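Engineer: One structure, as structure tokens, below. Some questions next.
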Amino acid sequence: MKGLHEIEGVEYDICETQQIIFRTYALKGYDMEIFTKEYLTSDFCGRYMDRSYSRFQLEDVGECSDFFLPEIGEKLKKYENGKIFDPDVAEWMGFTYRQLQLETGVKSKELVNKITFSDMLRLYPGMHTIDELDAAERISEMYNLVNN
């Protein structure tokens, strides 16, 4: 699929907001497979992060957490024995899911079902080393995401 555009400015900042959310929850020891699914399918994410504009898209982790944790907090689990998920992988996933949502218009809850956590783990080694736009185009092609 060609036709995706380079994200920059506010769109880039929106991707970074989600990137930081994912990194933060990885560092806090949350099971990121559960976090990813619950966060991306949450009403908060659909209502505020998938919109063309929402103040939460540029808020800090604490402010966003105040709104999504009441919804998904009971479903989240932490790893045992102080284990943490690699924060670099987590932030790439957060950024990439948001970038794909912005680029294709596919809602987050649909994206996470089309491109699972396991898929993202498999994609990370090769995709995190290339240009973000190139990675988004390749992933969009691989998963037949429609550009709305």
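The numbers here are math on the coordinates, done by the rules we state, and not lab data. Everything quoted here is computed from the prediction, not taken from an experiment. Here Cβ is always computed from backbone atoms with ideal geometry, including for glycine, and neighbour counts include all displayed protein chains.
Engineer: For the pair THR129/ARG55, report the inter-label distance in nm, with labels modelled 7 Å from Cα in the Cβ direction.
Structural biologist: About 4.3 nm separates the two model spin labels.
Engineer: Per the Cauchy relation, a quarter of the hull surface: what is the mean projected area of the convex hull of the alpha carbons in the stretch 61-132, in nm²?
Structural biologist: Values: hull surface 24.8 nm².
Orientation-averaged projected area of the Cα hull: 6.2 nm².
Engineer: In degrees from 0 to 90, rounded to the nearest 10, what is the angle of the helix 117-127 Cα long axis to the longest principal axis of the chain?
Structural biologist: Approximately 60 degrees, to the nearest 10.
Engineer: Relative to the longest principal axis of the chain, what angle (0 to 90°, nearest 10) does the C-alpha long axis of helix 132-142 take?
Structural biologist: Tilt of helix 132-142: around 80 degrees.
Engineer: Please report, to two decimal places, log10 I(q)/I(0) for the stretch 10-142 at q = 0.20 Å⁻¹ as given by the Debye formula with identical point scatterers on the Cα atoms and no solvent.
Structural biologist: -1.21
Engineer: I would also like to ask the following. Specify the longest stretch of the chain that does not include any exposed loop site, a site being one of the GluC sites (Glu not before Pro) with a non-H, G, I, E, B DSSP assignment and at most 10 other Cβ atoms within 10 Å.
Structural biologist: Longest run free of exposed loop sites: 9-79.
Engineer: Something else: Going by how many other beta carbons lie within 10 Å of each one, how would you line up ILE7, ILE14, ILE130, fewest first? Mind showing how you got there, number by number?
Structural biologist: Numbers: ILE7 19, ILE14 22, ILE130 10.
The order, fewest Cβ neighbours first, is ILE130, ILE7, ILE14.
Engineer: Also, I was wondering about something else. Where does the chain land at 222 nm, in deg cm²/dmol rounded to the nearest 500, when only DSSP H runs of n ≥ 4 count, each adding -39500 (n - 2.57), divided by all residues?
Structural biologist: -18000 deg cm²/dmol
Engineer: Straight-line reach only, C-alpha to C-alpha below 16 angstrom: list the lysines that LYS28 could link to, leaving out same-chain residues fewer than 8 apart.
Structural biologist: LYS75, LYS77, LYS78, LYS83
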